[in-house]
Every structure is written in C-alpha cells, then in structure tokens.
C-alpha cells in the first residue's frame, strides 16, 4: 500500500512540476508585450505612456532574466501570490480567481456527480431489458455525441428566447447583490439551471452508454454464467456485475476531467457564466500573463487533486488492488 | 493460412446483419457523400455576400442567409468537409500515437510501462488550451491540417490506455508465449501475432478517435482557435453566436451545424457498438 | 450513503457562495446601463483611464468644465468661469458651496493640488507641465494657471477631460498609489457615490448633497445607476431585446432591425446612420515599407475601396462613410469643402487602375496582380484584431476591392496583442485603427495623425503609426494648438493647410465613422436625447470620457416612464 501511494505521489509531484513549468513558459513565449497592451487600453498621453511603460515593466518583473522570473514564480506560488492581473488591473490574480471559483464549483460538481450517478444507474437499467436498451441507448449516444456548446445554444434558444422561462445569461439578476437570502438563492438557481442542464445532459449520455456496455461485458463473463448456473437470483448477479462495471467508470471519471473542463468553458461562453473557463478566455484574448498562469495553475491543481481522490476511491472499491499490493501484478 | 480469412468472412456476415452497424454507417456515409458532392450544388464561396441578410430558409437559399447575406447552405457543405478532414487526420494521428505508446507499454511492462504511463498522465493533465494558444499565435494562418495535427497529438492518451489494457491481456496468452519461446523479435511479435487479434479493437479505437476529434475541433473552432482560412461547422456556430443569431432568432444558422456533428458522431458511436457486437460473439444476443 | 455525501457536498457548496445581505433595487428608481465595463469593476481610480469602473470619472469625480460637442460649447461645471486675463495667464473662478461627498468643502486648494500632482505622478494631465509654468492659488476660489507657452487647444481639452481630486484624501497617497492604486471608496463631488460592486455589476447611489441641485437646478431622477459587466456583444443584444438595459453602449449586430422592430428601443437618429459618429476608422498604411511609401500607390488604394459596401452590408447602415478629410461631422464647419472636392478620393476602381498604371505598376507575370515599378512582387496584408467581428468583415471588403484593381492584399486576424505590437513597431502593412474619439477640437485628431518624433512612436503609443515624416505637417499641428479656442476662422485657416497635406499625401485613409453606439429603452425611463426637435441633444453614453461631454446632462433630463 505504502509503495503504491509513494509511487503515485511521486508521479503526481513530477506531473505538477512539469505542468507548472509549461504553464509558466507558455504565456512568456507569446509574441506581443502585455505592458503595451495595458498602456494601450489606458490611452494615456504620450509622455505619460513612456514613463508608465518602464514603471510597469519593473513592477511586473518583466525586466528580470528569465530564470529569475521562473524562480520568483515558484516562490510566489508558495506565498499564495499569483501576481497582479493586467486585464483587470490592479486587482490581484488570486482575488479574481477566488471570485470565479464558487461559480465553477457550483456548476461543475453537481453536474459531474449527478450525471455520473444517474448515468450509471440508467446504463445499468438499460442492460436489463431489451426495450429499455432500445430507448436509452440511442438517446445516450445522441447526447454524448452532442457538442457541449450546441446543446447550450439549443437550450438557450428554446428555453430562454422562444419560451422565455429561463434567463439567457449571467449567474444572477442585476437587481440583487450576492448574499445568503432565499431571494438570491432562488435567483441564482434560476440562472444556474440552463448551464447545469447542458453539461449534465451530455455527460449523462456518456456515462449511461459506458455503464451499459460495461454491464453487458460483465454479464457475459464467466463468473456471471457460473453464478446463474448455481441458481443465484438475477438481482444478485446484477449486483456483482454492477460492482465490477463501476471500476472502469471511476477511472473514466478521472480521464474525462480535461474534456469536461473544455465543455464547461464553452458553456460558460454561451451563457456568459462568470466561471474560471470564462475568465481564461478573456485572459487569453488580452494576453494577461498572470491571469492565464493563475487560472491554469488552478485547473492543474484541481485535476491533480481529483485524480488523486479517484485513485483513493478506486483502492477502496477494488479489493484486487488491495490484495495485489503485497505482491506484483500478473 | 486459412484462419484469418475465414474469420474475416465470418465478421462480414455478422456485420451486414447488424442493424446498428448498418444504421450508423449509412448516416456517416450520407454525410460523407454530402460533403464531397455538396460543393457541386453551390456556386458560392462561403463568405460571399449573395443575398438579403437575416433571410430564413427559402427556395433560393435552402438554409437561409447570415447577418451579412451569406449562404448558410454553402457554409454548411464546406464546413462538413472540413470537419471530416479533421476527424480523419486528427483521429488517425491520435490512433497511431496511441497505438504505438499503448502497444509498447502493454507489451514490455515494467519500467517502460511506468514511464509511458507517466507520460500519458502528464499529457492528460496539461492544459492543452495553453499550448494551442502559443501555436495559434505563431502561425498567422492556421489551416485544417495544423488543427488536426494538434488534436492528434493531444487526444492519443485515451487510445493509449485502451490499447495498453488490451495488449496486457493478450500478451499473456499462449500463442504469444509460443512465439517468444521460438525466438521471435518483440517488434515482430507485436505486429504479426498480437496486432491481428487486436484489429477489431484498433478499428473501434480509430472510430472513437475520429468522433472525438470532430468534437474537439468543434470546441476549438467555437472559441475561435480553429482554422483562419476556412469555414467549419464549429466556426459556423461561433459566427452565429457572435453575430447575435440567438436573440435575432436565426435558428437556421446555428441548428444545422450542431445537428450534423451530433448526427455524425452519434452514428460513429453507434457503428462502434455494432462493430463490438460483430467482433465479440458474446454480445451478439442482446 | 452516496446520496448523503452528495447532499453534504451541495450544502457546503451553497455556503461557499454566500456573503452579505440581500438587497433588491426597485426597478422604477434604477437605471440599468451597460457597454463600458468588459470585466468586473476592479478600480475606482480615475487615473486608470482605460480601466476605472464605469462612471468613476463623470458620476463621482468631476471636471472643471463640461464640453458639448454637438454645439461646440463649454459649460462651466466645477469652475464658474475661465478667462485669459493676459496672454499667458488663465484664471479659473472656482464654484462655491460645493462639497466632497464626505462632507469636506471643495476649494481652490483641491484644484491646485490636482494640477501639481501631475508634476510628480505620471498621469494623463502630466504633459501639461511641458508648457505650464506654475499654478497659483490666489484665494479660496480663484486659481491662476501661468503658462510658459500657452497652447490653447490643448488646454481646452484638459479642462473638461481631467478629474479634480480631493487634496485631503490624495495628499497622503504615494506616487504609486496615485497612478495605479485601486482607489476604493472614491470621494468625489459628483452626482453619484459608490454603493456596491461585485463580479457582474457596479452600483452607484445618488448623492443627496450634489451641488448642481441648487446651483444649476439639475436633479437626476434615478436613485441607483447599475452598470452591468458585459462579456460579448451578442449577449448584450439578447439583453437589449429583452429590455434588461435602459441604456446600452455596445456595438450590437443587427441593431437597425431591432430599432425598426417594435421592441421599444431607440437610437439618436430614427433612421440611418442611427448613431452619432464617435470616431473615424482609418486605414493605416505603413510608410516605412514599400510600396506603401509611394503616394501614388496610396491614392490607388483609396480609390479601390467600396466603403458603401462596408456601411450597408457589414454594418447594416449604422455607420456612415467618412469625409475624405477624415474629420468627424461635429467638425463639419472646419472642413474645406472646395479642397475636398478638388483633392478628395472616392470609390472609383477605374481611376485606381489608371493611377497604378500611370505610376509604373504593371502585371508583369500575368497573375492578376500588379508588380512594383522596379519589378518586385507585391503581396500585402491588412490586419485587425481577431474577434473584432465587424472589422474582420470590413477588411474582407477592403481586400476584395484592392484585389479587383490588381493589388494583392489579403486580410489577416492576429490576436490583439500581436496587432498592437505590429502597430507600435511598424511591422504591419496595412491596418484599421480608430484611436481618437470625438473631442473639443480637431487638434486632437491632427496631433494624433502627425505625432512626432518618429523615433518615439513605439513607446508613446499616441498616433502616427504610419510613420509619416513631414516637418511641415508637424509644424502646422503645433500651430493649430496655438490658435485660441473659439477662433473659428483662425482654426479653419490652419486646418485647411493640414487638410491639403492629408488629402494629397494620404498617410492614412479615412474609411468610415464608427458610431457612438447608443441604444435606449423607453420601458422605464424616457426623454432620451434624439435628433428630433423637441428632444434634448445630449450624448447618451456611459463610455469613459463621455459623461463630461454632456452625458451627465442627459442623465438629469431623464423622466420616469408613465
């Protein structure tokens, strides 16, 4: 067990290191100068601009040699300082990201978890009977084949423009300041439904299909036939099949995270939902080095943590791994 | 050797009988033909100003016109071709790399496997968007080819994992052991003993990569990181949203592209299920 | 078991997003605006000229004068009057009984401080010290500006474009804080005060002790002004259609059809061009590269572009074709019509071809495109920032026009930072640019067009990206600056000479006037400005720099809808 975890930890740390380095490198090699962009937007008078140029370059540490910038970046991370945003100058990056995170979490967590559970349940049902299989299967395939942004556009068009039931954009109504009251929560949910639904539906399709396929495989495995031959009730066989089928679904969850992030990004774009994905787009279009770095850093950390949690979960669920810990795999 | 040939015949028989395979393939084929025959049906270029703006579908403009009076049908047809190209090339590259990595990892195991596994993990975690950014910025003009290459180089981990798992289970089979004992070189074993047994798997992996590539391309196009010199289905949706098609109710501009993608990718997945049933006799009864 | 975990997780997530107390703003006393703020409000420092929260300067901080561009008049604001008491001394009489919104009295001390601080901190006002000698406080309500070299037009621009800040708050700020501090809890003299802000909006609350209530009888009716962050023009379009905004200043695709479509949305003009022209969109040609350095080539390009197509198809008629001089309609009186008739360009592909042929451009290799007189191939690109959809569409028209007369020009769409980089470092071939907004004087246009010295263009970021080197033009621009404000004839004389240079040499080609995009809804508030006789003719704009060009007066004229 310990060996397994140390090895995993080592890999995660290595991955983190490489990913963070790439994260730092990337904005640096984009042509163009962020200070110029900042000044252009400030539309200052000529002489003022000249002075501000050297001031900002120093302030952002852009005049230091690259390796120094790299080291100070690592240093800053451990202090929780992700620099100052250029797009939203002079707000600190960490503050900007912190404001966007709750929206993302509230959008992604429920949609991922609920779609996973519901999808797996439905997938399992579908493997049961032929008629269910013939309805759930095509629906599932269509859903998972649907591009996220198209479903978002469709939902937006039908449920916000043709039948104006839900709002088309933003996370809350302008008349309400963020708070803890029922009014705000209700309003928030009302704005949340469409983005949530578009993410949920596509992912649901994917899990349902996956689960259905897994269950069928399991039901055709030798042990299933053996149990049936022994006269075990169908329900028992299904339960075992389910437990075995769940395993690849758990790892599948880890693999899907990257794709889900991209899906969340386009959904946020369509609905102007102020999450991190949306922030990234703005940062990219305005070459805000520090904001890009900060956002990607958060995504990397989120994905790594999620992967780690899933690994732990997997060990809990799959007894073979626990047993196999002592020795080596076949 | 008669064995492979007989197996192929057997597969073909079941393939033709399988409803899912038939339906899936026909849908894909339909769109494929449309993509290549379509340009003959239209004289326009995708960004020509051909008629009145904001026009709903009519006899003259089958899919209506855009905010500038461009023909949506032309955009749709040309976009289909671009999407297919990206799917095939991107999916192809992804499958190739995934197969190479997965094979090697699965066959050799041990340190090589560990290393390749780590590589796979890293590629999955790294924000591909960031990398695409740099590339897109250095290339003034991005084409469909570049996009496909990029997609291929970032989507392979999924294929690698699947192939690796399959290789693992195959390599411990008897006939492989036989080949090893008889002194065959590992590379030769991979290609002559294991590969033919994985043919079906490879085909299905490719189909999945194909579908995945189309979806990824649509996403990239939608946020504006796609080809700059051509129209694609994702780009159509991007333009539609950008130019206010939603509030202005121009459904004919954003519904067809997304519907086509959903249909093609869905059909591909369906084909995959069908193929699975064909290759795996255990599944055939359901 | 799993269900309970999910519930727990959801609950925790809920707690995440809670903060202060709820507040619902009454619709009938709130004005919703949008179109200025592209990201969450992040700064209330009026010296953060490109990024302060909408209304910081204009609603909260105010200026000495207002300027009305449609009537070319200055309106005394925080200054009661401004006079040249001698050829080099400008005396300002400061308004009495004005309070900062924290209760302190506003006096000449604050005005002097505002000018003095520009000496130590690099802010927008700083360049005035190049020709200003000293600022003297004569008494509590009189300030004298003593100039070494009075540049009248430039001063005329500063007096309405510069926020007056409170000495008792800003004196203790470090220079860094002054230029780039966040500036929370802004203390100003204006009609509104900071109320709240979050990720998606900025809320201003009416200042009950605003000086203009009694002094000028002005009383803005909206109790709250809520400016919403916008993320994209198409989302704004949806919001406008659904009546979410009272005043919107986004560029909205298809707005013409919305206005005619019975949604209760109106613009300044009921028909084309719908919007007041706010700035000129120029085609910049890089004079440091061949063949852009050949005036004949530039003339050919100018005659090859079908601007009407841009106006009608790309913009759906919400912009208008630019006068060949490039000057905005508000400066119509300065345009030398005879000169324009004589030397001005228009869409004439045949003439373009003739000009090219006459200058020695021939298609030697028969590929449909001309080569330079020395035989070298011509392959040029015109750039606009990626994502600026209307410009992207427009340069397609530009390049099509050029290709039709034999000039190999292709449109390209680099990302904004690259576009900016090529602009500043003169690596572009051609590009579209519309930096200069409407102002109190055409001098700002010419100063921008003929900015010098050429060597400093990259760092100054203030114009002449074409790198046009003409000493006569530079001198004339400076001469224009020295003409007194109000001396129309004097200005016309100098401007006419500048126009001649521009029309003959065409260092940059004016294409169309971008509108001061402004859409208003009559659902909750009425009496918006319009071109109709019985309406007021103020500017309905929340853009930075527009509140003090009568935007605030527009606000005071609004009436609740019945």
Cα convex hull of chain B, projected area averaged across orientations, nm²: 18.4
Between helix C:471-481 and chain C: long-axis angle, C-alpha atoms, 0 to 90°, nearest 10: 30
Three principal axis lengths of chain C [C-alpha, angstrom, descending]: 81, 75, 49
Cα-Cα pairs of segment C:1-144 separated by more than 22 Å (percent): 61
Spin-label model distance (nm) - residue A:130 vs residue B:184, 7 Å beyond Cα toward Cβ: 4.1
Angle between chain A longest axis and helix A:130-145 axis [Cα atoms, degrees, rounded to 10]: 10
Net length gained if the chain between residue C:354 and residue C:80 were fully extended (0.36 nm per residue, minus Cα distance): 92.8 nm
Theoretical FRET efficiency, 1/(1+(r/R0)^6), r = Cβ-Cβ of residue C:404 and residue C:496, R0 25 Å, to 0.05: 0.15
Equivalent ellipsoid, segment A:48-88 (semi-axes from 5 times Cα gyration tensor eigenvalues, Å): 22, 13, 6
With Cα atoms, 0 to 90° folded angle of helix C:152-161 axis to chain C main axis: 40
Principal axis dimensions, segment C:360-459 - Cα atoms, whole angstrom, descending: 49, 31, 25
Principal axis dimensions, largest first and in whole angstrom, of segment B:29-73 by Cα: 32, 17, 14
Nitroxide proxy distance, nm - points 7 Å out along Cα→Cβ at residue C:425 and residue A:68: 2.2
Packing-based order for C:70-82, A:7-19, C:547-559, using average beta carbon neighbours within 10 Å, highest first: C:547-559, C:70-82, A:7-19
Square roots of 5 times each gyration tensor eigenvalue, C-alpha, segment C:214-295, largest first, Å: 36, 20, 15
Rg [Å, one decimal], Dmax [Å, integer] - segment C:231-345, C-alpha atoms: 17.9, 52
Using alpha carbons only: equivalent-ellipsoid semi-axes of segment C:173-311, gyration tensor based, whole Å: 39, 26, 17
For segment A:181-303, the Rg and Dmax computed from alpha carbons only, in angstrom: 21.0, 67
Residue of A:140, A:80, A:119 that the Gaussian network model of chain A assigns the largest fluctuation, springs spanning Cα pairs under 10 Å: A:80
Where labels lie 7 Å past Cα in the beta-carbon direction, separation of residue C:97 and residue C:4 in nm: 7.1
Rg/Rh (Cα only; Kirkwood hydrodynamic radius) as it applies to the protein assembly as shown: 1.01
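Hey, got the average number of other protein chain Cβ atoms within 10 angstrom for residues in A:211-220?
3
Pop the C-beta distance of residue C:149 and residue C:71 into the FRET formula with R0 = 35 Å and round what comes out to the nearest 0.05.
Step by step, r from the Cβ atoms, then E = 0.75.
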Diffusion coefficient, µm² s⁻¹, Stokes-Einstein with Kirkwood Rh over alpha-carbon pairs of segment A:58-114 at 4 °C and 1.567 mPa s: 97
Relative counts (whole %) of C-alpha pair distances in segment C:28-104, using bins that are 10 Å wide: 15, 31, 36, 15, 3, 0
Spherically averaged projected area of segment A:199-250 from its Cα convex hull (nm²): 3.6
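Mind ordering C:254-261, A:231-238, A:306-313, C:186-193 by average Cβ neighbours within 10 Å, highest first?
So the peptides C:254-261, A:231-238, A:306-313, C:186-193, ranked by packing, come out C:186-193, C:254-261, A:306-313, A:231-238.
Could you sort the peptides C:111-122, B:90-101 by per-residue average Cβ neighbour count (10 Å cutoff), highest mean leading?
Ranked by mean Cβ neighbours within 10 Å, highest first: B:90-101, C:111-122.
Could you give the Stokes-Einstein D for chain A in µm² per second, using the C-alpha Kirkwood radius, 20 °C, 1.002 mPa s?
For these conditions, the coefficient is 93 µm²/s.
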Nearest-0.05 FRET efficiency for residue B:45 and residue B:192, computed from C-beta distance (R0 51 Å): 0.55
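Here, each number is a calculation from the coordinates, and none is a lab measurement. Keep in mind that what you see is a predicted model, and the values were worked out from it rather than measured. Cβ: placed from backbone, ideal geometry, glycine included. Neighbour counts: every protein chain shown.
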